[in-house]
Structure formats: structure tokens, C-alpha cells
Amino acid sequence: MDLYNNKNSDTSKIKRDASVNDRIPDGLFLACPYCGAQMYNKQLGKYRVCAKCNYGFRLQAWERVELLTKNFEEMDSDIQMDHPEFPGYAEKLKRSQSQTELAESVLTGTADVEGEQVALGIMDSYFMMGSLGSMTGEKITRLFEYATAHTLPVVLFTASGGARMQEGIDSLMQMAKVSAAVAAHQEAKLLYLVVLTDPTTGGVTASFAMQGDVTLAEPHALVGFAGARVIESTIHEKLPKDFQRVETLLENGFVDQIVHRSELAQLIAKIVRLHTAEAE
């Protein structure tokens, strides 16, 4: 009888433990994608940065707005465009729109950053990996056109997996379309400041992400065109450990400065003020 009771007790304990585990939420403990350090999620702090290596965990567009400014007015939130009838594409768009509260993979508008008025664009990697679709390109183009008409600097945070395959050639055309708007803005002698975040790849890197007057980057962000495995299989050589990381880009002159996330707002405002003073 005692043996039976002991077994019953053990079974109940296992059931209770399983019940406790079921109530533990996901994401309490995280591993840094760059250095691998394990940490409790609250250790990331307000800026969601690894305490060991300063890698900035990926943010949604609205989260980044909260870190940069208290005065933001969104533009083109109701933009609508026709999309190709690619299988499952409409459902993916709706799911991303629901998850991010965005119409597309970029959030655009005007903002006051530390007292400086700017046209602000923030790409969101949580929206179909920040892929460059036709509506993404249209929103960024309109942002530059508005900034040119109202003599505003443009600050653009890039985050993208590249062109959106479901839209084919329409996606690739956005590279040229946005680049033309960037050129018109720069011809008006207005400032274009890019902040490269993790990851910035593909057609975005091959166009407007590398066309800024000033290029800043967050620590250890991945920036490149083709993926490392594709390049290795093409050239049949092992690539360096920090290949396509912004530290390597800085050494080779593609980035002006790597900036901790907590210092970005102040530095952006300082650069805008310096450019304004020089223009006057």
C-alpha cells in the first residue's frame, strides 16, 4: 500500500511540475545572436542591447520611434496598391500588418529628434523581413519627395532581407525609383542620413542604404548584398569571421561611425544642426 501511495505521489509531482512549466512564458531567457551570451530578457534594458557586446536586438518600427522621439506624425498610413496574385501572398501581408501595426515594411513620417525636425523612415524586419516591396519603395519615395519640398533632412533606418520575391520585377524597380528621389533630395543640398541596422542586405544595400551623405551603424549589424554562404560557394574560400559586419565596413570606409543605440538620437540631432549651420 505504501509503495502504491509513493508512486501516486511521484506521478502527482510530475504533473504539478509540468503544469508549472506550461505557465512559464517564452522569451524569458535570450541568447545574443552575435556573441552568444545568455541573459534574462530584462537585462537588455530600455534599448534592448546585449550587456556583453553591445549588439542591438532587432526592434519593431514603433519601438524605435519611442526611443527616438515623443513627437512623430505618420505619413501614408493608408496607402493602398495592387499586389500580384502570388500564392499565399495576401495572407502573409495581412499577418505582417497585424503583427507590426504597419501598412508596409517601412514606417514614414516627420519627427522632432532632440529639437531638430526631420523626415523619418524606419524599416521593420518583423514585416516580411523588411523586404523591399512596391509599396515600401513608394512610401520611401514619397518621404524623400516630401522632404525635398519642405527642405527637411531625411533620416532613414534600414533593415531588410532584400527584394520581395513575390513581387518580382516590381520589387527590383524600387531600387531605381527610390534612388532617383534620393538624388533629387541631394541636388537640393539637403542632408540624407542613413542608420544601418541588423540586417541590411540585398537590394536595399545595393541602392539607397549606401547613398547617404552620412552613414551610421549599430554595433555588429550585418550589412551586405549576397549571403556569406552564397559567396563562399562562389569563390570557394572561407570568409573572415566578421565579414559583412559593420566593424569591417568601418575599416574599409563604407561607414562613418558605429554608434551605441542609446546615443543615436543625440548624434543625429548634432549632425542635423551642423549641416543646417553649414548650409546657412
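The values are calculated or read from the model by the stated rules, or taken from the named source; none is laboratory data. All of these numbers come straight from a predicted model, not from anything done at the bench. Virtual Cβ from ideal backbone geometry, glycine too; neighbours counted across all protein chains shown. With ligands, DNA and RNA removed, areas are computed over all heavy atoms of the protein, side chains included. Shrake-Rupley method; radii C 1.70, N 1.55, O 1.52, S 1.80 Å.
At-a-glance table
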item: Given (1) under 19 Å from Arg261 (Cβ atoms); (2) open to solvent by 20 Å² or more (accessible area, probe 1.4 Å); (3) under 20 Å from the mean Cα position of the chain (by Cα); (4) in contact (Cβ under 8 Å) with a residue 12 or more places away in the chain, number of the condition Met123 does not satisfy; result: (2)
item: Some residue of the range 128-151 being surrounded by fewer than 16 Cβ atoms within 10 Å (Cβ to Cβ), of a type in the set (S, T, N, Q), out of contact with any strand residue (DSSP E or B) (no Cβ under 8 Å at 6 or more places or on another chain) and closer than 22 Å to Asp213 by Cβ; result: yes
item: Condition met for Asp213 (of a type in the set (Asp, Glu), touching a helix residue (DSSP H, G or I) at 6+ places or on another chain (Cβ under 9 Å) and farther than 28 Å from Leu152 by Cα); result: no
item: Listing of helices (runs of 4 or more DSSP H) fully contained in the range 168-280 that carry 3 or more residues being open to solvent by less than 10 Å² (accessible area, probe 1.4 Å), at pLDDT below 95 and in contact with a Phe, Trp or Tyr (Cβ under 7 Å, 6 or more places away or on another chain); result: none
item: Extreme residue, farthest from Thr136 (Cα to Cα), among residues of the range 52-108 that are among the charged types (D, E, K, R) and in contact with a Gly (Cβ under 7 Å, 6 or more places away or on another chain); result: Glu73
item: Verdict on Gly253 being on the phi > 0 side of the Ramachandran plot and without any contact (Cβ under 8 Å) to a residue 12 or more places away in the chain; result: yes
item: Qualifying residue in the range 191-202 (condition: among the charged types (D, E, K, R) and touching a strand residue (DSSP E or B) at 6+ places or on another chain (Cβ under 6 Å)); result: yes
item: Search result, residues across the range 109-150 that are part of a strand (DSSP E or B) and among the acidic types (Asp, Glu); result: Asp112, Glu116
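Residues are listed down the side, and each one gets a yes or a no for (1) under 19 Å from Met129 (Cβ atoms); (2) open to solvent by 20 Å² or more (accessible area, probe 1.4 Å); (3) not in a helix (DSSP H, G or I):
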site: Lys42; (1), (2), (3): no, yes, no
site: Arg58; (1), (2), (3): yes, yes, yes
site: Trp62; (1), (2), (3): yes, yes, no
site: Ile79; (1), (2), (3): no, no, yes
site: Ser96; (1), (2), (3): yes, no, no
site: Glu104; (1), (2), (3): yes, no, yes
site: Leu107; (1), (2), (3): yes, no, yes
